[in-house]
Amino acid sequence: MSSSTKLINNCPNDSTFDLPPLSLDSEGIAHDFKHYYVHTFGRDRDCLSAYYPYRALATTLRDRLMERWKTTRQAYDETGCKRAYYLSLEFLMGRALSNATFNLDLDEAVARGLHTLGLELEELASIEPDPGLGNGGLGRLAACFLDSCATLQLPVRGYGLRYEYGMFRQIIENGAQVEEPDHWMREGNPWEIERPEFTQRIQFGGRTETHRDPSGRILVSWVDSHDVLAVPYDIPVPGYRNDTVNTLRLWKAAATDEFDLDEFNAGSYTESVAQKNDAEHITMVLYPNDASENGKELRLRQQYFLASASIKDVLRDWIRLHGPDFSRFADLNCFQLNDTHPAVSVAELMRQLMDEHHLEWKDAWDITRRTMAYTNHTLLPEALERWPVRLFRQLLPRILEIIFEINARFLAEVALRWPGDLDRQRRMSLIEEGYDPQVRMAYLAIVGSFSVNGVAALHSQLLVEGLFRDFNELWPEKFNNKTNGVTPRRWLAMCNPGLRDLLDETIGTGWGRDLEQLSRLAPYAEDSAFRTRWHEIKQANKARLAEQISALCGVEFPLEAMFDVQVKRIHEYKRQLLNVLHVVHLYNRIKRGDTANWTPRSVLIGGKAAPGYVMAKQIIKLINNVAHVVNMDPATAGLLRVAFVPDYRVSLMEVIAPGTDLSEQISTAGKEASGTGNMKFMMNGAVTIGTLDGANIEIREQVGEDHFFLFGLTAAGVESMRGHYDPNAIIASDRALMDVMNLLESGHFNQFETGAFDSVILSIRNPHDPWMTAADFRSYVEAQERAAAAYRDREHWLRMSILNTAHSGHFSSDRTIAEYNRDIWHLETVAPKSAA
Ligand SMILES: *Cc1c(COP(=O)(O)O)cnc(C)c1O
């Protein structure tokens with residue numbers, strides 16, 4: 001055992017280390033800031049780097065979180081409360097400094113303290129790199145959920161991986177995406193606390209051995225494995241002005257200090273040491289695929305590493321507090337699996353309970369089935385995880401045995417319920433048979449859980465009607481819906497200070513923890529003085545966004561234009577291509593002189609494509625080429641601007657959402673599970689143009705159909721059109737679409753890049769186009785015309801904008817988390833002793 005993991009036997013009692021509460025006023029903050037800047041980081045007035053002032057402020061704030069963190073932990077231990085664990089391969093947290101300042105209610109004190117030193121809070125906050133430990137919506141949801149759990153004072157801990165390299169940085173070169181590695185921790189991470197004393201040992205490879213103990217019980221051991229250490233790093237998650245600080249625990253992979261003796265004796269000392277690298281590779285990089293699996297062995301290693309380390313950590317904590325008696329474990333613990341990425345947890349909990357804590361199968365299975373809950377995030381077939389049985393056998397031999405046993409017992413249950421229905425047994429098996437048999441991770445998650453939820457009403461309904469139909473017939477009580485939400489702290493109060501102040505002044509400050517109170521705004525939609533103030537705030541936010549776009553893209557967005565925005569991962573199902581077709585249509589109208597009653601527009605598109613997703617990358621290139629042609633053409637001046645913003649990420653969205661007029665949510669119906677970008681825009685007063693997909697449906701219900709621009713096929717319409725979809729006939733019968741296709745096919749946007757967009761164009765004309773882009777074009781253009789007309793009537797638009805914010809209360813992640821707790825977790829709230 002290394003010195004850092006050695007424990008002190010006679011731990012002093014807690015009061016030994018009691019300290020007086022830290023000062024929360026500007027003098028105290030300025031004092032601590034100077035202390036860290038000068039004494040800890042050794043900088044002075046000659047330091048040129050802005051990083052050290054940031055770092056000194058982060059450390060000053062972290063201290064204030066630290067005392068609340070301790071009292072929160074102690075409150076959870078002392079009450080012996082039930083706890084939940086959010087297991088996720090992704091946490092897209094965004095910047096921590098402004099969040100900590102805001103949630104601690106220190107904005108004014110920090111700003112004043114810094115002013116005395118000639119520094120600006122906003123400037124220091126913008127130094128912080130975005131920790132991009134997630135791809136998109138799924139990872140950002142995990143972050144919003146942690147914020148809400150801390151705000152609601154629920155004992156929930158996040159478990160994830162501490163990737164050395166997060167989501168790649170996107171550069172646009174000659175219109176095309178180029179990926180650059182994101183070494184986000186290069187200068188250190190002031191928000192994490194390493195806890196080597198809680199290191200766990202994780203097994204890979206090897207084989208299993210069966211033997212009997214003296215009482216005749218069969219025991220299995222996993223031997224000859226290649227072990228990797230999991231070292232936890234804790235990140236504080238502050239609640240909103242309530243003294244609760246929860247924990248996000250991220251695991252880093254580290255080599256054990258053991259050498260392969262055979263190699264060592266053979267004189268391969270350097271090779272043996274070099275092998276240590278392999279272990280550390282596990283948490284080196286986040287896989288940059290959103291909504292598609294890639295089947296790489298290292299990814300399965302990451303999944304098991306998270307599952308095994310987190311469960312060991314929970315069981316260690318259980319034994320510390322309750323001793324080695326697991327009879328009440330299921331009453332006091334719950335694991336929420338964020339998609340199937342951590343689904344191997346089902347088998348791993350079984351393994352640890354049986355092989356390491358000597359429970360019988362039936363007791364271990366009872367505990368597993370009462371503690372695991374699974375959230376599904378997608379219906380897309382390419383995203384459904386399946387791992388080859390042979391990979392499991394090689395990497396996780398003991399886990400495979402357990403999965404086989406779970407499956408055998410499960411199929412016996414299916415046979416009892418539907419005697420003789422072999423087809424159903426084959427359909428429901430955890431193992432997909434074939435040349436290369438596969439483990440179906442979603443089925444493992446369902447069989448091992450007591451709750452399975454989708455993330456919006458339509459998505460949950462489609463799950464039980466389609467993908468999980470057999471399972472719903474067997475266990476209807478397991479299936480439920482939890483419509484996603486976003487935290488109103490980051491996505492309204494922090495990112496839109498102008499609107500926050502107006503809301504506080506108009507309806508009081510209660511909306512920060514009870515977002516339904518925004519409905520009190522609705523009557524103000526009829527108050528013209530209020531509308532004027534609303535307009536001024538929106539225009540100021542547009543100015544801030546336009547400045548960013550000018551700096552990042554070199555494109556000027558006039559402030560009178562409607563800001564029409566689509567930012568999200570680039571994927572065919574999200575249909576950025578449909579957006580481009582509309583832009584080309586507008587360009588064509590301008591060139592034809594069809595500009596009577598024109599509404600000036602500035603179209604902004606942003607998002608990353610998975611590095612191996614060729615079609616998505618071509619769509620990025622097309623957007624950039626169209627933007628170039630449109631922006632260069634003098635005929636478009638004052639009428640149309642187009643920009644692709646590089647490196648879309650959380651901190652950019654914090655500028656984009658407040659400055660948006662029209663929110664593009666245009667996925668093929670039935671494909672977007674929920675969406676959360678749609679909710680951020682709505683909160684900030686953007687009006688949505690969208691299909692009946694995911695949470696758009698609920699957004700429209702909340703705000704009312706008159707304040708939402710609806711278009712397109714329904715999910716049922718999309719399905720019934722399959723088999724006789726004829727895009728070429730649609731194009732031939734629609735003059736506007738024909739013109740757009742002619743412009744694309746003539747090479748107008750790729751003059752010196754012959755063939756660059758051939759496959760994109762072909763996909764539109766393909767009768768098997770799963771996204772049915774051509775089918776929705778006409779209806780989309782008409783909805784865009786309604787939006788443009790509505791925008792020209794400023795007072796009308798402002799009413800709609802106000803009503804969107806007023807009816808966005810339902811989309812607070814506080815509401816979502818309250819539902820998870822009411823229906824799945826059943827946790828009590830626990831308030832720590834006040835720190836002050
Ligand atoms: C909210 C958010 C997303 C999810 O956007 P959708 O439109 O729901 O796909 C993705 N990335 C970032 C950075 C976000 O903030």
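Could you give every pair whose Cβ atoms fall below 8 Å, whose first residue belongs to the stretch 61-88 and is in contact (Cβ under 8 Å) with a residue 12 or more places away in the chain and within 20 Å of Thr101 (Cβ to Cβ), and whose second residue is among the aliphatic types (A, V, I, L, M) and assigned to a strand (DSSP E or B), counting only separations of at least 6 or pairs across chains?
So the pair list comes out as Leu65/Val245; Arg68/Val245; Trp69/Val245; Thr72/Val245.
Between Ile619, Ile590, Ile537, which is within 16 Å of the ligand (Cβ to nearest atom), in contact with a helix residue (DSSP H, G or I) (Cβ under 7 Å, 6 or more places away or on another chain) and either in a helix (DSSP H, G or I) or within 21 Å of Glu664 (Cα to Cα) (or both)?
The conditions single out Ile619.
List the residue pairs whose Cβ atoms are under 9 Å apart, where the first residue sits in the stretch 137-149 and is over 13 Å from Pro238 (Cβ atoms) and at pLDDT 95 or above, the second is in a helix (DSSP H, G or I) and more than 13 Å from the ligand (Cβ to nearest atom), and the two are 6 or more positions apart or on different chains.
Pairs found: Leu141/Thr816; Cys144/Thr816; Cys144/Ile817; Phe145/Thr816; Phe145/Ile817; Phe145/Tyr820.
Here's the yes/no breakdown for (1) hydrophobic (A, V, I, L, M, F, W, C); (2) assigned to a helix (DSSP H, G or I):
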site	(1), (2)
Ser759	no, yes
Leu762	yes, yes
Pro767	no, no
Trp771	yes, no
Ala788	yes, yes
Met800	yes, yes
Arg815	no, yes
Ala831	yes, no
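Could you look through the stretch 557-576, keep only residues that are over 14 Å from Gly659 (Cα atoms) and not aliphatic (A, V, I, L, M), and pick out the one that is surrounded by the most Cβ atoms within 10 Å (Cβ to Cβ)?
As a first pass, look at the stretch 557-576 and keep what is over 14 Å from Gly659 (Cα atoms): 568-576.
Among the residues that remain, those that are also not aliphatic (A, V, I, L, M) are: 568-569, 571-576.
Working: Lys568: 25, Arg569: 22, His571: 24, Glu572: 20, Tyr573: 18, Lys574: 28, Arg575: 26, Gln576: 26.
If we take residues in the stretch 557-576 being over 14 Å from Gly659 (Cα atoms) and not aliphatic (A, V, I, L, M), then Lys574 is surrounded by the most Cβ atoms within 10 Å (Cβ to Cβ).
Gly134 - would you say it is within 16 Å of the ligand (Cβ to nearest atom), closer than 21 Å to Ala253 by Cα, out of contact with any Ser or Thr (no Cβ under 6 Å at 6 or more places or on another chain) and modelled with pLDDT of 95 or more?
Judged against the criteria, Gly134 is a match.
Out of (1) farther than 17 Å from Asp182 by Cα; (2) out of contact with any strand residue (DSSP E or B) (no Cβ under 6 Å at 6 or more places or on another chain); (3) crowded, with 20+ Cβ neighbours inside 10 Å, the odd one out for Gly94 is which?
(1)
Is it the case that Leu300 is under 20 Å from Ile403 (Cα atoms) and more than 25 Å from the chain's Cα centre (by Cα)?
The answer is no for Leu300.
With the structure loaded, tell me whether Tyr159 is aromatic (Phe, Trp, Tyr), in a strand (DSSP E or B) and touching a residue at least 12 places away in the same chain (Cβ under 8 Å) or whether it fails that test.
In short, yes.
Residues of the stretch 426-468 being part of a loop (DSSP other than H, G, I, E, B), touching a Lys or Arg at 6+ places or on another chain (Cβ under 8 Å) and crowded, with 19+ Cβ neighbours inside 10 Å, which ones?
Leu430, Gly448, Ser449, Val455
Determine, yes or no, whether Asp313 is touching an Asp or Glu at 6+ places or on another chain (Cβ under 9 Å), among the acidic types (Asp, Glu), surrounded by 14 or more Cβ atoms within 10 Å (Cβ to Cβ) and at pLDDT 95 or above.
no
Filter the stretch 469-490 for residues that are away from the ligand (no atom under 16 Å from the Cβ), out of contact with any strand residue (DSSP E or B) (no Cβ under 7 Å at 6 or more places or on another chain) and not in a helix (DSSP H, G or I) and give the result. Steps first, answer last, please.
We begin by selecting, within the stretch 469-490, every residue away from the ligand (no atom under 16 Å from the Cβ); these are 469-481.
After this cut, where a residue has to be out of contact with any strand residue (DSSP E or B) (no Cβ under 7 Å at 6 or more places or on another chain) as well, the list is 469-471, 473-477.
Trp475 - this is the single residue of the stretch 469-490 that is away from the ligand (no atom under 16 Å from the Cβ), out of contact with any strand residue (DSSP E or B) (no Cβ under 7 Å at 6 or more places or on another chain) and not in a helix (DSSP H, G or I).
Would you please list the contacts, defined by Cβ atoms under 8 Å and residues six or more apart or on different chains, that run from a residue in the stretch 672-683 that is under 12 Å from Ile656 (Cα atoms) and touching a residue at least 40 places away in the same chain (Cβ under 8 Å) to a residue that is near the ligand (Cβ under 6 Å from one of its atoms) and assigned to a loop (DSSP other than H, G, I, E, B)?
From residues that are under 12 Å from Ile656 (Cα atoms) and touching a residue at least 40 places away in the same chain (Cβ under 8 Å), the pairs are Gly677/Lys568.
Quick check on this structure: which one of Ser308, Ser327 is under 30 Å from Gln74 (Cα atoms), assigned to a helix (DSSP H, G or I) and hydroxyl-bearing (Ser, Thr, Tyr)? First the steps, then the outcome.
Working: Ser327 fails: assigned to a helix (DSSP H, G or I).
Residue meeting the stated conditions: Ser308.
Of everything in the stretch 359-398, what is more than 23 Å from Arg217 (Cβ to Cβ) and assigned to a helix (DSSP H, G or I)? Give them in sequence order.
Correct list: Arg370, Thr371, Pro381, Glu382, Ala383, Val389, Arg390, Leu391, Phe392, Arg393, Gln394, Leu395.
For the list (1) at pLDDT below 95; (2) out of contact with any Asp or Glu (no Cβ under 9 Å at 6 or more places or on another chain); (3) part of a helix (DSSP H, G or I); (4) not acidic (Asp, Glu), I need the number of the one condition that Ser272 fails.
Status for Ser272: all satisfied but (2).
Out of (1) within 25 Å of Gly166 (Cα to Cα); (2) more than 16 Å from the ligand (Cβ to nearest atom), the odd one out for Ala84 is which?
Evaluating Ala84 over (1) within 25 Å of Gly166 (Cα to Cα); (2) more than 16 Å from the ligand (Cβ to nearest atom) leaves (1) as the failure.
Just to verify a result, which residue in the stretch 732-753, among those that are more than 38 Å from the chain's Cα centre (by Cα) and in a loop (DSSP other than H, G, I, E, B), is farthest from Asn624 (Cα to Cα)?
Within the stretch 732-753, the first condition is being more than 38 Å from the chain's Cα centre (by Cα), and the residues that meet it are 732-735, 738-739, 742, 746, 751-752.
Still in the running and in a loop (DSSP other than H, G, I, E, B): 733-734, 746, 751-752.
Values: Ser733: 29, Asp734: 26, Ser746: 17, Gln751: 13, Phe752: 14 Å.
Going through the qualifying residues, I end up with Ser733.
Assuming Val389 fulfils every condition listed in (1) buried (at least 17 other Cβ atoms within 10 Å of the Cβ); (2) over 18 Å from Val447 (Cβ atoms) apart from one, which condition is it?
If we test Val389 against (1) buried (at least 17 other Cβ atoms within 10 Å of the Cβ); (2) over 18 Å from Val447 (Cβ atoms), just (2) comes out false.
Collect the residues in the stretch 143-154 that are touching an Asp or Glu at 6+ places or on another chain (Cβ under 8 Å) and surrounded by 24 or more Cβ atoms within 10 Å (Cβ to Cβ), keeping them in residue-number order.
Scanning the stretch 143-154 gives Ser148, Thr151.
What about Asp633, is it within 23 Å of Leu559 (Cβ to Cβ) and more than 15 Å from the ligand (Cβ to nearest atom)?
On the way: within 23 Å of Leu559 (Cβ to Cβ): yes; more than 15 Å from the ligand (Cβ to nearest atom): yes.
When the stated conditions are applied, Asp633 passes them.
Taking Pro190, is it within 15 Å of the ligand (Cβ to nearest atom), outside any helix (DSSP H, G or I) and surrounded by fewer than 23 Cβ atoms within 10 Å (Cβ to Cβ)?
no
From the list Thr688, Thr668, pick out the single residue that is of a type in the set (S, T, N, Q), closer than 18 Å to Ala783 by Cβ and in a loop (DSSP other than H, G, I, E, B).
Thr668
Those residues that are in contact (Cβ under 8 Å) with a residue 40 or more places away in the chain and in contact with a Phe, Trp or Tyr (Cβ under 8 Å, 6 or more places away or on another chain), I need them from the stretch 208-225; list them, please.
Scanning the stretch 208-225 gives a single hit, Thr208.
Which residue is surrounded by the fewest Cβ atoms within 10 Å (Cβ to Cβ), if the candidates are limited to the stretch 644-687 and must be away from the ligand (no atom under 11 Å from the Cβ) and more than 21 Å from Leu559 (Cβ to Cβ)?
Pro646
For the stretch 331-371, enumerate the residues that are more than 27 Å from Asp213 (Cα to Cα), surrounded by fewer than 24 Cβ atoms within 10 Å (Cβ to Cβ) and aliphatic (A, V, I, L, M).
Within the stretch 331-371, just Leu332 meets the criteria.
So which pairs qualify, if the first residue must be in the stretch 97-124 and over 18 Å from Glu27 (Cα atoms), the second must be at pLDDT 95 or above and assigned to a loop (DSSP other than H, G, I, E, B), the Cβ gap must be under 6 Å, and the two must be at least 6 apart or on different chains?
Between residues of the stretch 97-124 that are over 18 Å from Glu27 (Cα atoms) and residues that are at pLDDT 95 or above and assigned to a loop (DSSP other than H, G, I, E, B), the close pairs are Leu97/Glu128; Asn103/Tyr240.
The values are calculated or read from the model by the stated rules, or taken from the named source; none is laboratory data. Note that the structure is predicted; figures quoted are calculated from it, not measured. Here the Cβ is made from the backbone with ideal geometry for all residues, glycine too, and neighbour counts use every protein chain on show.
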